[in-house]
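Student: Structure provided below as structure tokens; questions to follow.
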Amino acid sequence: MAACKPRTILLNPGPVTMSERVRAALTNEDECHREAEFADRMLDIKRRLCAVYDETANDYQAAVLTGSGTSAVEAMLASLVPDDGEVLIVANGVYGERMATIADAHGKPATLIRTEWTDPLPLEAVAKPLDQNKTITHVATVHHETTTGRLNDLAAIGHLCRSHGKPLLLDAVSSFAAEDIQWAAWNVLAAAGTANKCLHGAPGLSFVIARRNALDDIARSNARPKSLYLDLGRLYAAQKDGFSPFTQATHVAFALQEALKEFEEEGGWAARRAVYRSRSESVRATLSDRQIRPLIPCDDMSSMLSAFRLPDGLTYEALHDAMRAQGFVIYAGQGHLAPAIFRIAVMGDIRDSDMARLLPALTDSLRTA
Ligand SMILES: *Cc1c(COP(=O)(O)O)cnc(C)c1O
């Protein structure tokens, strides 16, 4: 009898390996997105998304888009920064810089402050424009910068936003549901997230969670963003009773609803963070034993992602292929980091038995690749 082939485990930062329960939901009976049953489902999903954090359960609302995480970030920036506003974007990686590209595409006045990708967010560089530039209306940044695995320390920047009365727009795509978001203390007006990272759903739906009064304002406003599909105010208004102006990814919604139930049963974001941390600690310890150096200090990394420097003489492709042959998909670096690093994310339905295979697979691949 042939041995059962182990499942392939995704160690890339989304999409993640789904649980059988979430995968099964994808094959629910087909639903029309204009029927009451799907509208009820969407209302339930929006309520559960806002309940992921206690702080957002009452004063915030969710709008759900059919599109990847970038569509949510784009809808947030295009709709919440007015054309006569100005957004200060603070970036230390690909996703922060992408926010500036988005602002530019929508003709939003923007100031980009960027650092080396391996550096923390530059607090001094943010304080000055906030003190001196009276035209800045919003601040935007990334919570977990997936480029390097850094969990940006938002306490100080959030405090600046609060003391200057500037709303913070957060790309929380790779942190939502597994890291602490201090909505009030950081003055968070809105955050963008996705179904297929820390929530363990399928790719295809993303969302913006924003203060209800701001959503009501943009829904009523005559100033519309330069996008029909990414008009958050329009989407929010239509979705108040669960209906969406455009076809939703219905099957992905079945999976997201199931993933949210699973998430709640497993104890919420803090429990998920604890699970990720313990997996990441095993990976970091195993690689440290093999003299593999982390790209940034491990203490600065998020719970779910680690970036490591490739040792001399080892290419990413060789390491990737050796791991792939053992049933694990690791992830390359982006931009100028591509030839120098590899990344390992531990989100998704990874079981103890998978971890028990992963650690020797890493050691083995480093030896033979
Ligand atoms: C994954 C990710 C995104 C969105 O990527 P998509 O490919 O559009 O889903 C945005 N920001 C961060 C920080 C991410 O990790």
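The values are calculated or read from the model by the stated rules, or taken from the named source; none is laboratory data. Nothing here was measured: the structure is a model prediction, and the numbers come from that model. Backbone-built Cβ (ideal geometry, glycine too); neighbour counts: all protein chains shown. Heavy atoms of the whole protein, side chains included, go into the accessibility calculation; ligands, DNA and RNA do not. Shrake-Rupley method; radii C 1.70, N 1.55, O 1.52, S 1.80 Å.
Student: Separation of the stretch 348-364 and the stretch 4-25 by C-alpha centroid, Å?
Tutor: Between the Cα centre of the stretch 348-364 and that of the stretch 4-25, the gap is 13 Å.
Student: Under 19 Å between alpha carbons, and skipping anything fewer than 8 positions from Lys46 in its own chain: which lysines qualify?
Tutor: Lys197, Lys240, Lys261
Student: What order do you get for 125-135, 347-357 when each peptide is scored by the mean count of other beta carbon atoms within 10 Å, highest first?
Tutor: 347-357, 125-135
Student: Here's a follow-up. Give me the extension gain from Arg212 to Ala185: residue separation times 0.36 nm, minus the current Cα-Cα distance, reported in nm with one decimal.
Tutor: Details: separation 27, 0.36 × 27 = 9.72 nm, distance 1.73 nm.
That works out to 8.0 nm of additional length.
Student: Which one of Met323, Leu232, Val275 is farthest out on the positive end of the charge dipole of the stretch 226-369, using unit charges on Cβ (Lys, Arg +1; Asp, Glu -1) and the Cα centre as origin?
Tutor: Farthest along the dipole direction, towards plus: Leu232.
Student: Please give the length that would be gained between Lys226 and Asn58 if that part of the chain were fully extended, namely 0.36 nm times their separation in residues minus their C-alpha to C-alpha distance (nm, one decimal).
Tutor: 57.5 nm
Student: In whole Å, largest first, what are the principal axis extents of the Cα atoms in the stretch 156-283?
Tutor: 53, 43, 22
Student: Pull up the DSSP beta bridges for the stretch 81-217 and report the antiparallel fraction as a percent, rounded to 5. Before the final figure, lay out each step's value.
Tutor: Numbers: 7 of 24 bridges.
Of those bridges, close to 30 percent are antiparallel.
Student: Give the separation of the Cα centroids, the stretch 213-262 to the stretch 173-188, in Å.
Tutor: Here the answer is 20 Å between Cα centres.
Student: What dipole magnitude, in Debye to the nearest 20, does the stretch 258-369 give about its Cα centre under +1 on Lys/Arg Cβ and -1 on Asp/Glu Cβ? Mind showing how you got there, number by number?
Tutor: Numbers: 14 positive and 16 negative charges, 68 e Å.
Charge dipole of the stretch 258-369: 320 debye, to the nearest 20.
Student: Here is a further query. Could you give me the radius of gyration and the Dmax of the stretch 192-248, taking only the C-alpha atoms into account and expressing both in angstrom?
Tutor: 12.4, 37
Student: A further question follows. Determine the share of the chain's accessible area contributed by carbon and sulfur atoms, expressed in whole percent, with a 1.4 angstrom probe.
Tutor: On the way: 7640 of 15090 Å².
Heavy-atom surface of the chain belonging to carbon and sulfur, 1.4 Å probe: 51 percent.
Student: Here's another thing I want to ask about it. For every other residue with a beta carbon closer than 14 angstrom to the beta carbon of Pro245, add +1 if it is Lys or Arg and -1 if Asp or Glu, then tell me the sum.
Tutor: Working: positive: Arg34, Arg224, Arg234, Lys240; negative: Asp231, Asp241.
Here the count lands on +2.
Student: Out of all DSSP beta bridges with both ends in the chain, state the antiparallel percent to the nearest 5.
Tutor: Numbers: 23 of 42 bridges.
Of all bridge pairs located within the chain, approximately 55 percent are antiparallel.
Student: Further, regarding this structure: Excluding Arg293 itself, calculate the net charge of residues whose Cβ lies under 15 Å from the Cβ of Arg293, where each Lys or Arg counts +1 and each Asp or Glu counts -1.
Tutor: Summing Lys and Arg as +1 and Asp and Glu as -1 gives 0.
Student: What does the charge count near Thr363 come to, summing +1 for each Lys or Arg and -1 for each Asp or Glu among other residues with Cβ under 10 Å from its Cβ?
Tutor: On the way: positive: Arg290, Arg367; negative: Asp289, Asp364.
Summing Lys and Arg as +1 and Asp and Glu as -1 gives 0.
Student: If you don't mind, there's one more thing I want to ask. Over what distance in Å are the Cα centres of the stretch 40-58 and the stretch 312-333 separated?
Tutor: Centre-to-centre (Cα) distance: 38 Å.
Student: Moving to a separate point now. Taking only Cα atoms of the chain, what ratio of Rg to Rh do you get with Rh as the Kirkwood inverse-distance radius? Working shown, then result.
Tutor: Details: Rg = 20.7 Å, Rh = 21.1 Å.
Rounded to two decimals, Rg/Rh equals 0.98.
Student: Here is a follow-up. Out of the GluC sites (Glu not before Pro) in the stretch 20-57, which ones are loop residues according to DSSP with at most 10 other C-beta atoms within 10 Å? Numbers along the way, then the final one.
Tutor: Working: sites: Glu20, Glu29, Glu31, Glu35, Glu37, Glu55; in loops: Glu29, Glu31, Glu35.
Passing both the DSSP loop test and the Cβ count: Glu29.
Student: Restricting attention to the stretch 105-195, which GluC sites (Glu not before Pro) occupy a DSSP loop and are surrounded by at most 13 other Cβ atoms within 10 Å? List each step's numbers first, then the result.
Tutor: Details: sites: Glu116, Glu124, Glu145, Glu179; in loops: Glu116, Glu179.
Here the sparse-neighbourhood loop sites are Glu116.
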